[in-house]
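Peer 1: Here you go, one structure.
The values are calculated or read from the model by the stated rules, or taken from the named source; none is laboratory data. It should be emphasised that the depicted structure is a prediction, and the values quoted were computed from it without experimental measurement. Note that each Cβ is placed from the backbone with ideal geometry, even for glycine, and that neighbours are counted across all protein chains shown.
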Amino acid sequence: MVENSPTFYSDGQHYSLSSLHRKLQFNFDYFGALLATYGLAFFSLGLLRLASDAFVFAGPILLHVLVEILEDPAPNNLGYLYASLMVICSFLAALFSASFTFYMQKISLKVRTATVTAIYDKLLMVPLSEMSKFSSGMILNFISTDVDRIVNFCNSFHAFWSLPVQLGIALYLLYREIGMAFLAGVMVAIILIPLNKKVTDSIGRMSVKLMHCKDQRIKLVRETMEGIRAVKCSAWEGFFEKKITGLREDELKYLKARKYLDAVCVYLWASAPLLITICILTTYTLALHEKLTAAKAFTCLALVNILIMPLNAFPWVLNGLVEALVSLRRLTRLFALKNMDVHDVYTLSEEKDTVMYVREGNFFWRGSKHAISGVSFHGTKGKIIGISGDVGSGKTTLLLGLLGETKSLTECIGITQESVSNGIGYVGQERWLYRELCTPYRDLRFIPWTAFVRYIYGSS
């Protein structure tokens, strides 16, 4: 059990969830810990996002006024002012956007580091009997997939409120410019969104098949190289070459299909603003019989370019939020596990020479009957105790029970206060045998260190 995990300091603040974890020993609220640690800095970034969006929409408005001034034959020096304001607004929009991205990535990195640290802390503080609820694959997914989804939530959250605001403002400004003709552009965008989604899903399927073929090819190449002697001696080169080449051809087939789909996706993305603008202006001039001016045309084109991003990105933002919510629930289940408490496992021993004792110990794993029962012994200072038995007789269960990793019905283990203060160490070792003199006396007896070195040197 590790009490002190790595901690991280930045700008005079403590960014490790481990400290909050130790404060909330009995009911660790992961989401609450995130809010307490990063909430103020995270929500403050919304002001940068709002300022960036505001200056982005200032560009089309100033462009409309500037074009109207240029169309006016009368001399007007205000054009220089509006042109300067457009440059300033573009600069400020880029500045606030870059600042938002920088600080968001900074917080995301801190969230990732602190979350991974908290997961490792939890894994080290939870007994094995509790960890049996989760498989090794789930634990690996906690550290990789679930942490990535939680980090992606940082960007998705601000996009969740920012994109609808951008969409509403862009549609309102389009309505001010061309009236109800903006609905034609909305209809085209609604048609393009599921088309883009379908192409993207196809790209995802091709990527999955591509990676599957790649994994199979690499696996076969590795197995071939590991057994190259058998392959050469059996003259199987042609057979393995044919199989590897076939997997490579399938891999190239899926790669080719994915690249074509990428081209279609890029084409739809690049042509969407032009198609929407053509539909809007055509409806405005032919259906509504309105006069189209340069100011309206350029303003509509600028607004449509802004409109495309929220229309295309919002479905993926919602998907990211849902995935983050699922990962949050999974991590909450992990952090809800009860930590190992030394006082629940051990009782203090008053005997001077006894380092550890067990009285009528009954140890078992979660969800099973007694694995071993009726175990009693006293361990005194300087005493070496050997544990022997058949395979499956409970030797490992006993050792883990002494460490508090298995469940026990009663407080049957006693240790001294010195052991509680200094901690208990468990050093496992690999089993090994000396080939020529494989006897219990040679393998198991305790010999001096110098003789042990000579023994290892002689057997090497």
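Peer 1: From ALA184, ALA189, which residue is under 26 Å from VAL317 (Cβ atoms), in contact with a Ser or Thr (Cβ under 9 Å, 6 or more places away or on another chain) and surrounded by 13 or more Cβ atoms within 10 Å (Cβ to Cβ)?
Peer 2: Being under 26 Å from VAL317 (Cβ atoms), in contact with a Ser or Thr (Cβ under 9 Å, 6 or more places away or on another chain) and surrounded by 13 or more Cβ atoms within 10 Å (Cβ to Cβ) holds for just one of ALA184, ALA189, which is ALA184.
Peer 1: Let me ask another. Run down ILE119, ILE178, ILE88, ILE150 and say which single residue is at pLDDT 90 or above, out of contact with any Gly (no Cβ under 7 Å at 6 or more places or on another chain) and either under 30 Å from LEU281 (Cβ atoms) or surrounded by 19 or more Cβ atoms within 10 Å (Cβ to Cβ) (or both). Outline the logic, then answer.
Peer 2: Values: ILE119 fails: at pLDDT 90 or above; ILE178 fails: at pLDDT 90 or above; ILE150 fails: at pLDDT 90 or above.
That would be ILE88, the only listed residue that is at pLDDT 90 or above, out of contact with any Gly (no Cβ under 7 Å at 6 or more places or on another chain) and either under 30 Å from LEU281 (Cβ atoms) or surrounded by 19 or more Cβ atoms within 10 Å (Cβ to Cβ) (or both).
Peer 1: Within the set of pairs 6 or more residues apart or between chains, which connect a residue that is buried (at least 17 other Cβ atoms within 10 Å of the Cβ) inside region 283-305 to a residue that is not in a helix (DSSP H, G or I) with Cβ atoms less than 9 Å apart?
Peer 2: Close Cβ pairs satisfying both conditions: TYR284/GLU290; TYR284/LEU292; LYS296/GLU290.
Peer 1: Among the residues of region 270-282, which ones are under 28 Å from PHE153 (Cα atoms) and either hydroxyl-bearing (Ser, Thr, Tyr) or surrounded by fewer than 16 Cβ atoms within 10 Å (Cβ to Cβ) (or both)?
Peer 2: If the condition is that a residue be under 28 Å from PHE153 (Cα atoms) and either hydroxyl-bearing (Ser, Thr, Tyr) or surrounded by fewer than 16 Cβ atoms within 10 Å (Cβ to Cβ) (or both), then ALA270 is the only one that fits.
Peer 1: Take the residues of region 365-384 that are modelled with pLDDT under 70 and hydrophobic (A, V, I, L, M, F, W, C): which is farthest from GLY394 (Cα to Cα)?
Peer 2: Only one residue fits best here, namely TRP365.
Peer 1: Also, quick follow-up: Which of the residues spanning region 210-229 are touching a helix residue (DSSP H, G or I) at 6+ places or on another chain (Cβ under 8 Å) and not basic (Lys, Arg)? Give the derivation first.
Peer 2: Quick first cut of region 210-229, residues touching a helix residue (DSSP H, G or I) at 6+ places or on another chain (Cβ under 8 Å) only: 210, 213-214, 216-217, 220-221, 224.
Answer for region 210-229, where residues must be touching a helix residue (DSSP H, G or I) at 6+ places or on another chain (Cβ under 8 Å) and not basic (Lys, Arg): LEU210, CYS213, GLN216, LEU220, VAL221, THR224.
Peer 1: Return only the number of the condition from (1) under 30 Å from ILE178 (Cβ atoms); (2) under 17 Å from the mean Cα position of the chain (by Cα); (3) not β-branched (Val, Ile, Thr) that PHE57 does not satisfy.
Peer 2: The failed condition is (2).
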